[in-house]
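Just so it is clear, none of the values below were taken in a lab; they were calculated from the coordinates. Predicted model, so just to flag it, every value in this text is computed and none were measured. Cβ coordinates were reconstructed from backbone atoms using ideal geometry, including for glycine residues, and neighbour counts include every protein chain displayed.
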Amino acid sequence: MMNIHHLELFYYVAKHRGIVAACRHIPYGIQQPAVSAQIATLEEDLKVRLFNRRPFQLTPSGEQLWNGIAPFFSQLSGLEAELRGEKAQELRLAGPTQVLRDYLPEVISELQQSHPKLRLILHDTAQREAEELILRGEIDVAVGVLEDRLAPGLRAEVLVKLPLVLLVLKADADRSVAALLREGAKGGRPLISLPAHERLARLFKDYLRKKELIWPVGMEVNSSDLIGLYVARGLGVGVSAQIPGLKLDPDVVELPIKDAPKLPIGVFWRGKLAPVAQAFVERLRLRASLLNV
């Protein structure tokens, strides 16, 4: 029989992508050497290598073991709450930093008023990571940019579609988007954009292709906040979305790309929503209906 404690430690190591990170999240005191030793014992007992250390990567055997144990360990906290009669008050959410920071606090505050015993678990994740967390049963609902296709088994609802914009300095506020696009395609100022795999970047690239233009990305950043910051420093022109309530640097303005496709923002989940999760989604719908985009 496999040692359950060893399996639990492996669960945390695999979940947090390394032994050092796992030690920061294991909910009881245990040192890195002890974790390393017990994982080594598990590998010896199974006669397989479960992961490569640097860089961290699960082996095929590690992936197989993870798929087998993750559903059990990820649901323990929920089972504990259910046994205590608290399950209906727990809500596990995921979303990017900007959503969790700027848009969910008011929704959560309203939810707490109607669910005073609400216990929240928030995960700061990208959309693809959120999909994996939902499929593993580690979160209930995710909010963020929606892809064309979600993983099988997930349900999604578009809440709002945000227009694409160019972020420029005030000195360029009177220039047309068409002129800026032509200038960029001819080697003008650098384009500041999210990574190529992000849907916003893909939408803009497809839009340029239809215009028969190519504007290479001169600066790639992994946060929408950084786009406006670097535009304000005069380092290029940014492509972003028109986000309601977003406070830009005083020297930066938005130029709407009126004929570009819009960026869908929504919510996704798996299966039937629990009452508290359903109440959360309903509040999101109401908030979205009030946005002027």
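Please check: in the Gaussian network model of the chain (C-alpha springs, under 10 Å), which one of A241, A185, A130 has the largest mean-square fluctuation. Comparing A241, A185, A130 in a Gaussian network model of the chain, the most mobile one is A185. State the percent of C-alpha pairs, over all pairs in segment 160-212, separated by a distance greater than 16 angstrom. Everything past 16 Å amounts to 48 percent.
Taking other C-beta atoms within 10 angstrom as a stand-in for reagent exposure, D140, D45 fall in the order D45, D140, fewest first. Residues whose amide H comes within less than 5 Å of that of R119, counting only those at least five positions distant or on another chain, are E90, L91 (H built at 1.01 Å from N in the peptide plane). Remark: relative contact order (the chain) = 20 percent; criterion is Cα-Cα distance under 8 angstrom and separation of 6 or more residues. Of the cross-linked pairs K161/K205; K170/K262; K15/K205, which ones have a Cα-Cα span greater than 28 Å in the structure shown? In this structure, K15/K205 exceed 28 Å between Cα atoms.
Taking the Cα centre of the chain as origin, work out the dipole magnitude from +1 charges on Lys and Arg Cβ and -1 charges on Asp and Glu Cβ, in debye rounded to 20. Numbers along the way, then the final one.
On the way: 38 positive and 34 negative charges, 111 e Å.
About 540 debye.
With the charge dipole of the chain set up from +1 on Lys and Arg Cβ and -1 on Asp and Glu Cβ about the Cα centre, the Cα lying farthest toward the positive end among the listed residues A173, Q32, Q127 is that of A173.
Counted by neighbouring Cβ atoms within 10 Å, the residues V141, V177 run from fewest to most as V177, V141.
Rounded to the nearest angstrom and listed largest first, the equivalent-ellipsoid semi-axes of segment 1-116 from its Cα gyration tensor are 33, 17, 13. For the chain, give me the percentage of DSSP beta bridges that are antiparallel, rounded to the nearest 5 percent. In the chain, approximately 65 percent of DSSP beta bridges are antiparallel ones. The Rg/Rh ratio for segment 164-261, using Cα coordinates for both the radius of gyration and the Kirkwood hydrodynamic radius, is 0.91.
Across the options A21, G238, V145, the greatest Cα extent toward the positive end of the charge dipole of the chain (unit charges at beta carbon of Lys, Arg, Asp, Glu) belongs to G238.
Lys and Arg at +1, Asp and Glu at -1: add these up for the other residues within a Cβ distance under 14 Å of L50 and post the number.
Here the count lands on 0.
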